[in-house]
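J.: Mind looking over this structure? Questions follow.
The values are calculated or read from the model by the stated rules, or taken from the named source; none is laboratory data. Everything numeric in this text was worked out from a predicted model, so none of it was measured. All Cβ positions, even for glycine, are placed from backbone atoms using ideal geometry, and neighbour counts span all protein chains on display. In case anyone asks, the SASA skips ligands and DNA or RNA and just uses the protein heavy atoms, side chains included. Shrake-Rupley method; radii C 1.70, N 1.55, O 1.52, S 1.80 Å.
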Amino acid sequence: MQTIDKFNFAGKRAFVRVDFNVPLNENFEITDDNRIRAALPTLKKILADGGSVIIASHMGRPKKNPDLKYSLKSILAHVSELLGVDVKFAPDCANEEAAKMAAALKPGEALLLENLRFYEEEEGKPRLPETATDEEKAAAKKATKESQKKFTATLASYADCYVNDAFGTAHRAHASTALIAKYFDENNKMFGYLMEKEVIAVQKVMTDTAHPFTAIMGGSKVSSKIEIIENLLTKVDNLIIAGGMTYTFTKALGGKIGSSLCEDDKLDLALELLEKAKANNVKMILAVDAKIADSFSNDANTKFVPVDEIPDGWLGLDNGPETEKIFANVIKASKTILWNGPTGVFEFDNFSHGSRAVGEAIAEATKNGAFSLVGGGDSVACVNKFGLADKVSYVSTGGGALLEAIEGRVLPGIEAIRGY
Ligand code: AMP
């Protein structure tokens, strides 16, 4: 497989798919440029080699072409500043002007294409009025699939090689994330540095795993994590179930959970998962005590109780001290750790102690040689809040993509380059 480090970009034009879907304020100013910074090593390497780059990204969910509140022109100046070159801008990502601008690029130059998703062909989903009939929908779908081929071929025609550095969209089989790769032979397509780090991190956790492997699944609902839990039950040694999910399990086991979060239609599923864990020799670790509150608020009255003795009108919002100790001991004895989802309502300072303790135990295990991957939604906010991001092995940038990877799915953006 080709790698960005081995590849010499001198004299080549590279089509680089990045994820510059950054948040903007009402004045179209960037409020968090982390996603742009994350792609800089890849872009800088290509330019330093003497190559040129065609930078392509989506932003937001545009509904038409053009939909200027999602224009990448808003970020052009900042991209130029961070990259240290005067980046050119193609106001349409797939027309003759863009093709000419790409062809005119000299070594060391960069061109930013307008938002790929201005074209419905990027996602391959036709934009139809709600009133469209099923027949109209089917015909439009077919037509868009056809025009998507042309769109993809146009994008591919700009470059000699293809680099995918957009892990955040790797779970989508879109024109610029997966389909375009077919236009380049295996020596001329590769992951960018960011994508490579993500792929390696997932691999270290899901396939080349050092044992014992502990996954900590937190967050609010069992229903959104079923597939992940089922897949993890075939991989882990220990599965810590925490956060809002706890109480569905506790109730299923006959405990009293007061007004804690609970999915009553998932009680049987909780028992099934516990059975599956037993059959697979996986230790399922549940909370034994909880910090409970008399309302869902940071300033609520609180007390610590056994997790299955929560009085009516009270709700469990964080781990109790015994649970903290049990979780920390399991984590510290692990060689591979995956953390997805806070173990309490960490947004409220008074209920963040349990999540912080989990983060600190992971940091200690990492210091002692374990590999730790944190990712998916709120877990990233969590490690950032506690200042632990640089004390774990890897914090994933791809929410949905990471979750699909740990569900055990093949991600189209990865498959298109690696072949599996
Ligand atoms: P998710 O998006 O499923 O990872 O859920 C994250 C959310 O779960 C965060 O906003 C947490 O505040 C919330 N959460 C964690 N523990 C609890 C709990 N015990 N009760 C209610 N919400 C919780």
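J.: Output yes when any residue across segment 186-199 is open to solvent by 70 Å² or more (accessible area, probe 1.4 Å) and either without any contact (Cβ under 8 Å) to a residue 60 or more places away in the chain or in contact with a Lys or Arg (Cβ under 8 Å, 6 or more places away or on another chain) (or both), and no when none is. Write out each step before concluding.
T.: Within segment 186-199, the subset open to solvent by 70 Å² or more (accessible area, probe 1.4 Å) is 186-187, 197.
After this cut, where a residue has to be either without any contact (Cβ under 8 Å) to a residue 60 or more places away in the chain or in contact with a Lys or Arg (Cβ under 8 Å, 6 or more places away or on another chain) (or both) as well, the list is none.
There is no residue in segment 186-199 that is open to solvent by 70 Å² or more (accessible area, probe 1.4 Å) and either without any contact (Cβ under 8 Å) to a residue 60 or more places away in the chain or in contact with a Lys or Arg (Cβ under 8 Å, 6 or more places away or on another chain) (or both).
J.: Would you say T397 is in contact with a Gly (Cβ under 8 Å, 6 or more places away or on another chain), part of a loop (DSSP other than H, G, I, E, B) and either within 12 Å of the ligand (Cβ to nearest atom) or in contact (Cβ under 8 Å) with a residue 12 or more places away in the chain (or both)?
T.: Values: in contact with a Gly (Cβ under 8 Å, 6 or more places away or on another chain): yes; part of a loop (DSSP other than H, G, I, E, B): yes; either within 12 Å of the ligand (Cβ to nearest atom) or in contact (Cβ under 8 Å) with a residue 12 or more places away in the chain (or both): yes.
So T397 fits the description; yes.
J.: While we're here: Kindly indicate whether any position in segment 89-107 is open to solvent by less than 60 Å² (accessible area, probe 1.4 Å) and closer than 17 Å to I30 by Cβ.
T.: Taking segment 89-107 as the starting set, the residues that turn out to be open to solvent by less than 60 Å² (accessible area, probe 1.4 Å) are 89-90, 92-95, 98-99, 101-102, 105.
So of that shortlist, the ones also closer than 17 Å to I30 by Cβ come out as 89.
Yes.
J.: Same structure, new question: So G168 passes all but one of these: (1) modelled with pLDDT under 95; (2) under 27 Å from S74 (Cβ atoms); (3) in a loop (DSSP other than H, G, I, E, B). Which condition number does it fail?
T.: Answer for G168: the failing condition is (3).
J.: Please identify the pairs in which a residue from segment 333-350 that is more than 14 Å from D299 (Cα to Cα) has its Cβ atom under 7 Å from the Cβ atom of a residue that is more than 12 Å from the ligand (Cβ to nearest atom) and modelled with pLDDT under 95, counting only partners at least 6 apart or on another chain.
T.: What qualifies is L338/I406.
J.: I'd like the full set of residues that are within 16 Å of the ligand (Cβ to nearest atom) and in contact (Cβ under 8 Å) with a residue 24 or more places away in the chain, limited to segment 200-227. Give the derivation first.
T.: The initial filter retains those residues of segment 200-227 that are within 16 Å of the ligand (Cβ to nearest atom), namely 215-227.
The answer is A215, I216, M217, G218, G219, S220, K221, V222, S223, K225, I226, E227.
J.: Another question, then. Given (1) under 22 Å from I46 (Cα atoms); (2) not assigned by TED's automatic domain parsing to the domain that holds K45, where does D185 come up short, assuming only one miss?
T.: (2)
J.: For the condition touching a residue at least 24 places away in the same chain (Cβ under 8 Å), surrounded by fewer than 16 Cβ atoms within 10 Å (Cβ to Cβ) and not aliphatic (A, V, I, L, M), what is the one hit in D390, D312, D378?
T.: Details: D390 fails: touching a residue at least 24 places away in the same chain (Cβ under 8 Å); D378 fails: surrounded by fewer than 16 Cβ atoms within 10 Å (Cβ to Cβ).
The conditions single out D312.
J.: Still on this structure: So which of A293, A242, A287, A277 is surrounded by 17 or more Cβ atoms within 10 Å (Cβ to Cβ), at pLDDT 95 or above and away from the ligand (no atom under 12 Å from the Cβ)? Spell out how you get there, then give the answer.
T.: Details: A293 fails: away from the ligand (no atom under 12 Å from the Cβ); A242 fails: away from the ligand (no atom under 12 Å from the Cβ); A287 fails: away from the ligand (no atom under 12 Å from the Cβ).
After applying the criteria, what remains is A277.
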